[in-house]
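Peer 1: Pasting in a structure now, in structure tokens, and then I'll have a few things to ask.
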Amino acid sequence: MNGLMQDKPLLISSLLTHAERYSGQVEVVSRRIEGDLHRYTWADVAQRSRQLAMALDELGLKPGSRVASIAWNGYRHLELYYGVSGSERVLHTVNPRLHSSQIAWILQHAEDEVVFFDESFATLVESLKPLAPGVKHWVMLCEPDALDNTADSAGLLSYEALIAAQSGDYVWPEFDERTASSMCYTSGTTGNPKAVLYSHRSTVLHTLVLTTPNGLGVGSQDALLPVVPMFHVNAWGVPYCAALAGAKLVLPGPALDGASVYDLIEREGVTLALGVPTVWQTLLDHMERHQHTFSTLKKTSIGGSACSPSMQQCFEDQHNVEVIHCWGMTETSPLGTTSKLMTQHQELSREEQQRVRLKQGRPVFGIDMRIVDDQGIEQPWNGKAAGHLQVKGPWVISAYYKDEIDNRLDDGWFATGDVATIDEHAYLQLTDRSKDVVKSGGEWLSTIDIENIALSHNGVALAAAIGVPHPKWDERPVVVVLKKPDAEVSAEEILALYPGRLAKWQSPDDVIFVDEMPLGATGKVLKTQIRQQLQGYTLPDLGS
Ligand code: ADP
């Protein structure tokens, strides 16, 4: 027997319609490429997104057509999120930090018909045009007169001209909620990038759970700042979550330096900011130099790489901002776990509570997880046994786009490529990514532990633990360190941090200082490049 409730499909357009009808006056503020702030409301977002949908009709784009964006976090990009997906097309958000040949490959692979891009990527677009012949229209996110200032504007359209020609008198179509809504390629540190294809259903369910207290806990009194880019995993779902919650949305544009992010947080009364640790390190360094603190920020969501104890302490103890440590990946939309306390933790001291919350946390509703050994045997949840992390759920990938041979799905479980422990209260703790694992004397070491200890030194900005070959132990870890500007740090000082915290065999054999840390397109340390740089390096105890 079926229930007798209304059968409304879960569509992305419903999030925007809700924001327009019930929070129409709530602001969306964006830092523009020009540096100034643009402000309007959710009602304006809805009106202009409808105009965009009509413009896409006029360009002849059929349902399911792929539409690419190469853009920073800004209001026009937000309109693409809703206008493209809402009108049954697929928004393909492209990471502009990838190499142009890789971007061209992605555009062709996705079969993008239109590319919308920010003015700052005009030169990139020139190099892409001959490499991506499948693209029919290149639209610059600008006023018509800005095209006159562009070196080669032949064949370019202006976004504002395109939508100004439309009334916005448009009704969002209703269709199957399983329809594809957006796509994002993983950074492809090995081989060609692979595309994750999200659906309306997966996106709306993810948004609902993201908003709950066990997710990020977002309400209509919040002002959200996604520093995480809108070209990466839908900015962790924040543009949707803000609409659902009727919250203010603040978009930082290209200005991701500490001073600009701090200014925006203070000026716009941001309550929750989200980003990867490298971005927060830049912000915290800026604040330390200028002795700033926050007046409105209550929470920060940190994910993408492990949050170190020193970063957690800096946010929480110095600035009174709660850190929500999250784990997720492009293939999981991304939210998988959040680190929140349970009732039994209320009695613990603040330090002990912080230690619990430094783990990657417990699965939100919808996500099921397990750890397995190399043979696929499930490992116990005792906080000690490490295994390969596998997950499943309605916003977890079932297959990559156009990928027939899928070796990452094991009986419905998606193999994340992460190595982790799970404790008796279901807290996940990552020890490594499979490809970054260091195995010494047959035992896995936690590179995350090694890095966190190095980061506890005040003068260390970034740290990466790497395994180097060893004739007896197979591999031994070394820690590669980038100092903070002007900091005095010696290798001995860093090595002295390990005794008492890790066993000798779990501790690094050497410290290598670098002038620059290679960062990937999403702000993560690129260990593949460090490994290449370390070729020819000899461990101290093997020196001639
Ligand atoms: P990419 O593969 O492009 O780096 P993602 O951004 O999807 O793509 O990265 C997902 C990976 O980032 C996870 O598999 C995990 O290794 C790492 N990660 C995500 N969140 C955390 C976290 N809180 N702590 C440690 N690592 C994390």
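The values are calculated or read from the model by the stated rules, or taken from the named source; none is laboratory data. All figures in this text were calculated on a predicted structure; none of them were measured in a lab. Positions of Cβ are backbone-derived with ideal geometry, glycine not excepted, and every protein chain shown enters the neighbour counts. All accessible areas refer to the heavy atoms of the entire protein, side chains included, with ligands and DNA or RNA removed. Shrake-Rupley method; radii C 1.70, N 1.55, O 1.52, S 1.80 Å.
Peer 1: For the range 83-100, in order, what is each residue's ³J(HN,Hα) by Karplus, 6.51 cos²θ - 1.76 cosθ + 1.60 with θ = phi - 60°, in whole Hz (x at glycine and Pro)?
Peer 2: x, 6, 5, x, 9, 6, 9, 10, 8, 9, 8, 9, 7, x, 7, 6, 5, 4
Peer 1: Report the label-to-label distance for residue 255 and residue 493 in nanometres (one decimal), using points 7 Å from each Cα along the Cα→Cβ vector.
Peer 2: 3.4
Peer 1: Carbon and sulfur together cover what percent of the accessible area of the chain at a 1.4 Å probe radius? List each step's numbers first, then the result.
Peer 2: On the way: 11470 of 23110 Å².
Here carbon and sulfur together make up 50 percent of the probe-accessible area.
Peer 1: Here's a follow-up. Amide H of residue 217 versus every other amide H placed in the peptide plane: which residues, excluding those fewer than 5 positions away on the same chain, fall under 5 Å?
Peer 2: It is 212, by chain and number.
Peer 1: What angle do you read, to the nearest 10 degrees and between 0 and 90, between the alpha-carbon axis of helix 42-58 and the longest principal axis of the chain?
Peer 2: Taking the Cα atoms of the chain, the angle to 42-58 is about 70 degrees.
Peer 1: While we're on this one: With θ set to phi - 60°, apply the Karplus curve 6.51 cos²θ - 1.76 cosθ + 1.60 along the range 392-400 and write out the HN-Hα couplings as whole Hz, x wherever there is a Gly or Pro.
Peer 2: 8, x, x, 10, 9, 4, 9, 6, 6
Peer 1: Let me ask something additional. Scan the range 365-396 for chymotrypsin sites (Phe, Trp or Tyr not before Pro) in coil per DSSP, keeping those whose Cβ has at most 15 other Cβ atoms within 10 Å, and list them by number.
Peer 2: Sites meeting the loop and neighbour criteria: 365.
Peer 1: Within the chain, which is the longest segment containing none of the trypsin sites (Lys or Arg not before Pro) that sit in a DSSP loop and have at most 12 other Cβ atoms within 10 Å?
Peer 2: Working: sites that count: 178, 384, 402, 472.
That gives 179-383 as the longest site-free run.
Peer 1: Here is a follow-up. So which of 129/402; 194/402; 439/527; 62/136; 439/504; 483/524 end up more than 19 Å apart by C-alpha? Mind showing how you got there, number by number?
Peer 2: Working: 129/402 23 Å; 194/402 9 Å; 439/527 16 Å; 62/136 13 Å; 439/504 14 Å; 483/524 17 Å.
Checking Cα-Cα distances, 129/402 exceed 19 Å.
Peer 1: Divide the volume of the convex hull of the Cα atoms of the range 198-309 by its number of residues and quote the answer in cubic angstrom per residue.
Peer 2: Residue-normalised Cα hull volume stands at 105 Å³.
Peer 1: Turning to a different aspect of this structure: To check you understand DSSP bridge types, tell me what percent of the beta bridges within the range 436-544 (both residues inside) are antiparallel, rounded to 5.
Peer 2: On the way: 14 of 19 bridges.
Looking only at bridges with both residues in the range 436-544, the antiparallel portion is about 75 percent.
Peer 1: Still on this model: From the square roots a ≥ b ≥ c of the eigenvalues of the alpha-carbon gyration tensor of the range 1-117, which class results: rounded (a/c under 1.5), prolate (a/b over b/c), or oblate?
Peer 2: On the way: a/c = 2.13, a/b = 1.21, b/c = 1.76.
Verdict is oblate for the range 1-117.
Peer 1: Right, here's the next one. Please compute the alpha carbon radius of gyration of the range 39-175, then divide it by the globular-protein estimate 2.2 N^0.38 Å. Two decimals is fine.
Peer 2: Dividing the Cα Rg of the range 39-175 by 2.2 N^0.38 Å gives 0.99.
Peer 1: Where only protein heavy atoms count, and the probe is 1.4 Å, what is the accessible area per residue for the range 174-239 in Å²? Can you show the working numbers first?
Peer 2: Values: 2120 Å² over 66 residues.
Dividing the accessible area of the range 174-239 by its residue count gives 32 Å².
Peer 1: Pairs of Cα atoms under 8 Å, at least six residues apart: use those to get the relative contact order of the range 436-544, whole percent. Provide the component values of the computation, followed by the final result.
Peer 2: Values: 168 pairs, mean separation 25.5, N = 109.
Relative contact order for the range 436-544 comes out at 23 percent.
Peer 1: Longest span of the chain, sites excluded, free of GluC sites (Glu not before Pro) in DSSP loop with at most 11 other C-beta atoms within 10 Å?
Peer 2: Details: sites that count: 34, 347, 404, 424, 488, 516.
The reported range is 35-346.
Peer 1: Restricting to Cα pairs below 8 Å that are 6+ residues apart, what does the relative contact order work out to for the chain? Please round to a whole percent. Mind showing how you got there, number by number?
Peer 2: Details: 1113 pairs, mean separation 54.7, N = 544.
It rounds to 10 percent for the chain.
Peer 1: On the Cα set of the chain, report Rg and Dmax in Å, please.
Peer 2: 23.6, 79
Peer 1: Output the relative contact order of the range 39-175, whole-number percent, from Cα pairs under 8 angstrom with separation of 6+ residues. Could the numbers behind the result be given before it?
Peer 2: Details: 220 pairs, mean separation 39.8, N = 137.
The normalised contact order for the range 39-175 reaches 29 percent.
Peer 1: Now a separate question. Please give the FRET efficiency for residue 439 paired with residue 220, using the beta carbon to beta carbon distance and R0 = 51 Å, rounded to the nearest 0.05. Provide the component values of the computation, followed by the final result.
Peer 2: Details: r = 50 Å, r/R0 = 0.97.
E(calc), rounded to 0.05, equals 0.55.
Peer 1: Which log10 I(q)/I(0) values does the range 436-544 give at q = 0.16 Å⁻¹ under the Debye formula, counting every alpha carbon as one identical point scatterer?
Peer 2: For the range 436-544 at q = 0.16 Å⁻¹, log10 I(q)/I(0) is -0.69.
Peer 1: Give me a comma-separated list of calculated 3J(HN,Hα) values for the range 252-269, in order, Karplus coefficients 6.51, -1.76, 1.60 applied at θ = phi - 60°, integers in Hz, x for any Gly or Pro.
Peer 2: Once θ is set to phi - 60°, the couplings for the range 252-269 become x, x, x, 7, 9, 6, x, 5, 5, 5, 4, 4, 5, 4, 6, 5, 9, x Hz.
Peer 1: I'd like the antiparallel share, as a percent to the nearest 5, of DSSP beta bridges with both residues in the chain. Display every interim value, and only then the final one.
Peer 2: Details: 47 of 87 bridges.
Taking every DSSP beta bridge with both residues in the chain, the antiparallel ones total about 55 percent.
Peer 1: Can you tell me the mean projection area, over all orientations, of the convex hull of the range 341-427's alpha carbons? Units nm², please.
Peer 2: Numbers: hull surface 26.7 nm².
Averaged projected hull area, Cα only: 6.7 nm².
Peer 1: Now for a separate question. Please compute the per residue accessible area over the range 436-544 with all protein chains in place, 1.4 Å probe, rounded to a whole number of Å². Walk me through the intermediate numbers first.
Peer 2: Working: 5550 Å² over 109 residues.
Per-residue value: 51 Å².
Peer 1: Sticking with this structure for a sec: Can you bin the range 477-525 into rounded, prolate or oblate? Criterion: square roots of the alpha carbon gyration tensor eigenvalues sorted a ≥ b ≥ c, rounded for a/c under 1.5, prolate for a/b above b/c, oblate for the rest.
Peer 2: Numbers: a/c = 2.60, a/b = 1.50, b/c = 1.74.
The shape class here is oblate.
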